[in-house]
Amino acid sequence: MNDAKRPQPRPGGKLLADALVAQGVTHCFAVPGESYLDLLDGLYAVRNHIQLVTCRFEAGAVHMAEAYGKLTGRPGVAIVTRGPGACHASIGVHVAMQDSTPLVLLVGQIPVQETDRESFQEVDYRKMFAPLAKWVTQIDDARRIPELIAHAFDVAVSGRPGPVVVAISEEMQKTLAAVPDLGPTNILPPHPAPDAIPRIMEMLARAERPLVVLGGSRWTAEGRAAIRDFAVANGLPVCVSFRRQGLFDGTHPNFAGDLGVGADAGLVALARDSDLILAVGTRLGEPVSQGYTLLDMAGATPIVHVFADQAEIGRVYRPALGVVCDVNTFALVAKAAPPVAEHPWSGWTQDLRAARLAQAAAPEYEGPLNLAVALQALEAVLPPDTIFTTDAGNFATWPTRFMHVSEGQEFLGPTNGAMGYGVPSAIGAAILHPGRTVVCFVGDGGFLMTGQEIATAFHHSVAPFILLFNNQMYGTIRMYQERTFPGRVSGTALTNPDFAKFIESFGGHGEIVERTDELVPAFRRAQASGRPALIEVRTNPEQVTNRATIAQLRQQAKPSAEAAEPNASQASRTPAPRRTGPRIR
Ligand SMILES: Cc1ncc(C[n+]2csc(CCOP(=O)(O)OP(=O)(O)O)c2C)c(N)n1
Ligand SMILES: [Mg+2]
């Protein structure tokens, strides 16, 4: 190497920032800390390459980075401080793990010479994140920054993608090192074994009731289009696993719905009857398997399991055929294969489609707001490239059941059911795609976990729409409570602020919706405002799910011994909700 090419000494903080640039990182989501001032300064130097997004809460920062990972297939990067910052961030690592999302979390660390004194904010991140992250490392020597950052990115995207935590010790960031930057490794994704597709087609030719289940992460638009073409060419019904709407066009005649938590009983019954499950990219985990009840572990229903990591294949269910393969490559190869000559299952595909259509038809509901009708009216006016994000809670079952995520749209949700995900992920998505409409679904419970993160949207001039479903309770838990302890309302009622005023206090647009026909005009006004907007939808608390009222749950309850004698004052009816704020603004 001649002297001109020899790398010049750079401080660790700058080397870290340059390592991120070398990996193609475009955004970092951070809450600052004195533990990584040098990295912050390094990011200042590369500000033309990387947008530093200043967040209000570390959980928010990591959820934004996770949304970036879901949308791009490349690791989202969050940066937090040691101790308290890392603790706040941990929920996002858990989301990325269960969602198989590539993520790199950088954590400022105490000076290495103080290790094991329990110095200020000291935590051993290898221990703390051991069961939460895919890999945890600590950089104590600035010379190893390019190597360890490059490896962190490779691990995050490899096989089953996931979160990697990198602790960066404080004085290391100040040390000078003369080492070259390292870019992403050029790795061809694993292709299916040569006999995989012929064997799958053979199994398909023998099947009568095949069902495709799509899931997982890092699907490209090309991969999604290819799996759609494969399904269409073979007349296959397709469902998606929990919170993976967006992998298949919800309006498509082959779409059979979502096989997740709270799946339609009609779909579950039909899926139970399938004689060949073609699971592509999804783990066969608790949500898809309906709490490990849908399928027989010994393999009574043959399963073809296509997954990028062999360790996941056969983990719970023994497949008839496991294929270790990248999902997009699989889809392209499957599409290229000659379709089966006949599909005797066309009636079966139609039955599944009919079940999905019946499920999505809006029923009558008591009261002035029919949420099903209102959401379908909203769907009709949303742009074809809308990005939806969702928090966790019963409200989420309304859009899942009654709306259709079509091709070109995206749907981001936490498969680990993390409340507090919806608002930050919407902000992350809006920062990444400022030109697209981003709609967040969130409950009154989840909103007050991370809703303050909306400040970040204002700070970075993006304008997501928040649809807040206010039923004045932790409705999901109330539902479970009523099934087991009818009438004994314990710890699930909430007192709320005026949510519309909340967003107005930031300079945003607030609306309150109480009637079916108010939602679309409220959305249009929000759209016209050009500002971050919150539409508080005041739902009927009695309608605790889209299938049952509290009274119905009480009737069907299988009370525990404790609940045999319900509290008389509470058992008779749902407490009247306390409302705040004007009706419309
Ligand atoms: C971080 C976190 N805390 C607690 C829970 C348990 N939990 C699941 S749903 C739920 C209630 C959600 O309430 P809300 O956001 O108002 O939605 P709703 O169910 O009322 O529609 C709770 C407390 C969780 N999943 N995640
Ligand atoms: Mg609620």
Treating only Lys and Arg (+1) and Asp and Glu (-1) as charged, each at its beta carbon, one finds that the chain has a dipole about its Cα centre, in Debye to the nearest 20, of 560
Give the long-range amide H neighbours of His27: residues separated by 5 or more places, or on another chain, with amide H under 5 Å away, using H modelled in the peptide plane at 1.01 Å from N. Gln51
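Dipole size in debye (nearest 20) for the range 246-312 around its Cα centre, Lys and Arg Cβ +1, Asp and Glu Cβ -1?
In total the dipole reaches around 20 debye.
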With a 1.4 angstrom probe the carbon and sulfur portion of accessible area for the chain, in percent, totals 54
Rounded to 5, percent antiparallel among DSSP beta bridges of the chain: 5
Could you list which residues have their amide H under 5 Å from that of Val513, counting only those 5 or more apart in sequence or on another chain, with H placed in the peptide plane? Glu536, Val537, Arg538
From phi via Karplus (6.51, -1.76, 1.60), per-residue ³J(HN,Hα) for the range 453-466 in Hz, x at Gly/Pro: 5, 4, 4, 5, 5, 5, 4, 10, 6, 10, 9, x, 9, 10
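Which of the trypsin sites (Lys or Arg not before Pro) across the range 496-528 are loop residues per DSSP, with 16 or fewer other Cβ within 10 Å?
Numbers: sites: Lys501, Arg515, Arg524, Arg525; in loops: Arg515.
Here the trypsin sites (Lys or Arg not before Pro) that fit, given the DSSP loop and packing criteria, are Arg515.
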Using Cα pairs closer than 8 Å and at least 6 residues apart in sequence, work out the relative contact order for the chain, in percent. 12
Rank by packing, highest mean first: peptides 361-372, 238-249, 417-428, with packing defined as the count of other Cβ atoms within 10 Å averaged across residues. 417-428, 238-249, 361-372
Calc'd 3J(HN,Hα), the range 544-556, phi into Karplus 6.51 cos²θ - 1.76 cosθ + 1.60 (θ = phi - 60°), Hz, glycine/Pro = x, comes to 6, 9, 7, 10, 8, 8, 4, 4, 5, 4, 5, 5, 8
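Quick check on packing: order 331-342, 435-446 by the mean number of other C-beta atoms within 10 Å, highest mean leading. Could you put the intermediate results ahead of the total?
Numbers: 331-342: 16.7, 435-446: 24.0.
Answer by packing, highest mean first, reads 435-446, 331-342.
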Out of Tyr125, Phe523, Gly428, whose Cα points farthest toward the positive end of the dipole of the chain (charges: +1 Lys, Arg; -1 Asp, Glu; placed on Cβ)? Phe523
Per DSSP helix of 4 or more residues, -39500 (n - 2.57); summed, then divided by the residues of the chain. What does that give at 222 nm, rounded to the nearest 500? -10000 deg cm²/dmol
Report ³J(HN,Hα) in whole Hz for each residue of the range 350-357, in order, from the Karplus equation J = 6.51 cos²θ - 1.76 cosθ + 1.60 where θ = phi - 60°; Gly and Pro get x. 5, 4, 5, 5, 4, 5, 5, 5
What are the residues whose amide H is under 5 Å from the amide H of Thr389, where those residues sit 5 or more places off or on another chain and H is modelled from the backbone? Leu412, Val439, Cys440, Phe441
Using per-residue counts of other Cβ atoms within 10 Å, averaged over each peptide, order 382-393, 268-279, 487-498 from highest down. 382-393, 268-279, 487-498
Counting Lys +1, Arg +1, Asp -1, Glu -1, what net charge surrounds Val136 among other residues with beta carbon under 11 Å of its beta carbon? +2
Taking only protein heavy atoms and a 1.4 Å probe, what accessible area per residue, in Å², does the range 162-302 have with all protein chains in place? 38
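The values are calculated or read from the model by the stated rules, or taken from the named source; none is laboratory data. Quantities reported herein were computed from a predicted structural model and do not represent experimental measurements. Every residue, glycine as well, gets a Cβ built from its backbone with ideal geometry; the counts of neighbours run over all protein chains shown. For accessibility, only protein heavy atoms count, side chains too; no ligands or nucleic acids. Shrake-Rupley method; radii C 1.70, N 1.55, O 1.52, S 1.80 Å.
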